[in-house]
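Some notes on the structure that comes next.
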């Protein structure tokens with residue numbers, strides 16, 4: 001099987017897992033947004049802010065180093081396991097002993113601090129629990145063996161949803177979220193260990209560890225900076241505007257970045273190890289990168305435009321008047337989300353090309369700009385100002401990242417224009433048409449009219465793209481043939497297999 005076939009097959013399995021788990025996650029979020037007050041969601045957001053900051057140091061970039069490495073894989077996996085378990089235990093102790101001062105960094109209200117500290121100390125159990133199965137998951141990623149990850153990820157997400165529904169329906173509030181995550185983490189670990197053959201040994205190769213660290217240090221440095229970039233806005237809003245504003249901004253950010261988050265997670269898992277397999281062939285690497293980026297654009301652009309077009313209608317239907325103040329922040333943040341999704345492959349190229357230090361430099365520059373401008377944006381213009389700043393900085397960041405990636409794959413800026421402009425123009429035209437038709441669907445209930453309006457837009461987009469873009473037709477035809485072939489294999493009698 002060629003690396004392209006491996007990558008395509010891996011994308012299928014990752015997509016299946018994400019569609020199922022994220023559908024469950026969306027249902028969970030929809031229920032929680034209706035069952036819990038915005039201020040309660042803000043409390044969980046604060047705990048997540050601290051926890052996610054600490055999780056940056058859990059694997060110290062050794063996961064990426066393990067994927068990048070081509071020799072002595074078993075020894076490298078052992079090094080990664082013991083590094084991860086050591087840091088996980090240290091981080092857990094930091095939370096247990098220092099939760100109060102950590103939470104006090106993002107809020108000054110004594111009552112809020114006490115509640116968030118309690119939430120954080122329980123959620124911290126997920127750090128060592130997740131560390132136990134991290135290496136097995138990384139090894140599956142390295143070998144593009146995503147098929148075995150589907151069942152653990154989907155089942156653990158289903159357990160999370162079940163626990164949340166049971167506890168939230170009984171009035172357990174934010175603790176339904178906390179215990180749901182714990183149950184998901186435990187379930188995932190049990191299932192991963194049951195299907196993985198790799199087991200850690202009581203040995204630690206210092207020479208291999210040092211070689212891996214020289215690569216990993218740039219990765220962990222960029223991860224830390226990226227975390228601050230993606231969370232510094234939450235910290236400023238929490239500090240100067242309070243939990244109510246944070247709950248609204250977090251909802252807008254999550255919705256606007258949903259396509260980007262899922263696409264980045266999907267392609268990021270698969271493309272980095274796939275790019276690493278062909279990193280010595282620049283021509284093949286460039287063709288592979290541009291092709292996958294074009295396919296991402298075909299998907300992410302219409303989804304982002306759809307969110308922007310139907311933002312007011314969706315918020316009114318799904319959450320009522322509680323979130324109407326985030327309509328424009330949501331629309332503006334779709335710019336940020338769109339650029340994130342299109343750039344999903346760029347980080348993989350920089351890491352596979354042996355330039356993780358460039359990731360660090362990009363993140364450092366972006367954080368400096370955000371840190372300098374966030375205070376006036378937050379204090380003067382609230383969450384709308386923060387949204388505009390995030391979108392503007394993302395545009396500059398995308399331009400710089402494109403320039404650096406082109407130094408590795410030797411692509412041209414014209415390649416990006418030809419990839420992004422046609423689907424964007426088609427999506428905008430389809431969105432305008434669907435928005436004009438939407439008032440004529442007023443006789444239908446919201447849960448019918450809203451999906452129908454979005455379906456009309458995406459249908460118009462798909463038809464026009466099919467007519468004008470040969471690559472889109474090839475993609476759809478290829479997917480159709482693959483699905484048909486897999487269906488025939490599934491229906492074939494067992495005696496005929498092999």
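Nothing in this text is a laboratory measurement; each read-out follows from the coordinates by a stated rule. Values in this document were obtained by computation on a predicted structure and should not be read as measured data. We place every Cβ from the backbone using ideal geometry, glycine too, and count neighbours over all the protein chains shown.
Taking the inverse of the average 1/r across all pairs of different Cα atoms in segment 269-371, what Kirkwood radius in Å do you get?
Numbers: mean 1/r = 0.0626 Å⁻¹.
The answer is 16.0 Å.
Taking square-rooted eigenvalues a ≥ b ≥ c of the alpha carbon gyration tensor, is segment 351-422 rounded, prolate or oblate, where a/c under 1.5 means rounded and, failing that, a/b exceeding b/c means prolate? Before the final figure, lay out the partial values.
Numbers: a/c = 4.28, a/b = 1.66, b/c = 2.57.
Taking the square roots of the gyration eigenvalues as a ≥ b ≥ c, segment 351-422 is oblate.
Considering the alpha-carbon set of segment 46-118 alone, what are its Rg and its Dmax in angstrom?
16.2, 53
Using the Cα gyration tensor of segment 218-487, with a ≥ b ≥ c the square roots of its eigenvalues, what is the shape: rounded (a/c below 1.5), prolate (a/b larger than b/c) or oblate (neither)?
Numbers: a/c = 2.13, a/b = 1.07, b/c = 1.98.
Oblate, since a/c reaches 1.5 and b/c is not below a/b.
Percent relative contact order of segment 218-487, based on C-alpha pairs within less than 8 angstrom and at least six residues apart?
On the way: 294 pairs, mean separation 73.7, N = 270.
Over segment 218-487, the number comes to 27 percent.
What share of all Cα pairs of segment 191-343, in percent, falls into each consecutive 10 Å distance bin?
Binned Cα distances yield the sequence 9, 25, 29, 21, 13, 3.
How many angstrom lie between the C-alpha centres of segment 95-120 and segment 202-266?
Between the Cα centre of segment 95-120 and that of segment 202-266, the gap is 20 Å.
Given the DSSP H assignment, sum -39500 (n - 2.57) over each helix run of at least 4 residues in the chain and divide by its residue total; what's the result at 222 nm in deg cm²/dmol, nearest 500?
Numbers: 19 runs with 415 residues, N = 498.
Taking each H run of at least 4 residues, the total per residue is -29000 deg cm²/dmol.
Taking the Cα centre of each part, how many Å lie between segment 396-428 and segment 359-392?
A separation of 23 Å, based on Cα centres.
In whole Å, largest first, what are the principal axis extents of the Cα atoms in segment 298-440?
Reported extents, whole Å, longest axis first: 52, 38, 20.
What is the calculated FRET efficiency for residue 468 to residue 413, with r their C-beta to C-beta distance and R₀ = 22 Å, to the nearest 0.05? Could you put the intermediate results ahead of the total?
On the way: r = 22 Å, r/R0 = 0.98.
Step by step, r from the Cβ atoms, then E = 0.55.
Round to the nearest 0.05 the FRET efficiency obtained for residue 73 and residue 105 when R0 = 30 Å and r is the Cβ-Cβ distance.
Given R0 = 30 Å and the Cβ-Cβ separation, E is 0.15.
What's the exposure ranking of 232, 326, going from fewest to most Cβ atoms within 10 Å? Provide the component values of the computation, followed by the final result.
Numbers: 232 17, 326 26.
In increasing order of surrounding Cβ atoms, one gets 232, 326.
Assign one of three labels to segment 97-240, namely rounded, prolate or oblate, based on the Cα gyration tensor with a ≥ b ≥ c the square roots of its eigenvalues; rounded applies when a/c is under 1.5, prolate when it is not and a/b is larger than b/c, and oblate otherwise.
Numbers: a/c = 2.24, a/b = 1.26, b/c = 1.77.
Oblate shape, in that a/c is at least 1.5 and b/c is the bigger or equal ratio.
If I model the chain as equal point scatterers sitting on the Cα atoms and use the Debye formula, what is log10 I(q)/I(0) at q = 0.06, 0.10, 0.11 Å⁻¹?
For the requested q values the scattering log ratios are -0.28, -0.84, -1.04.
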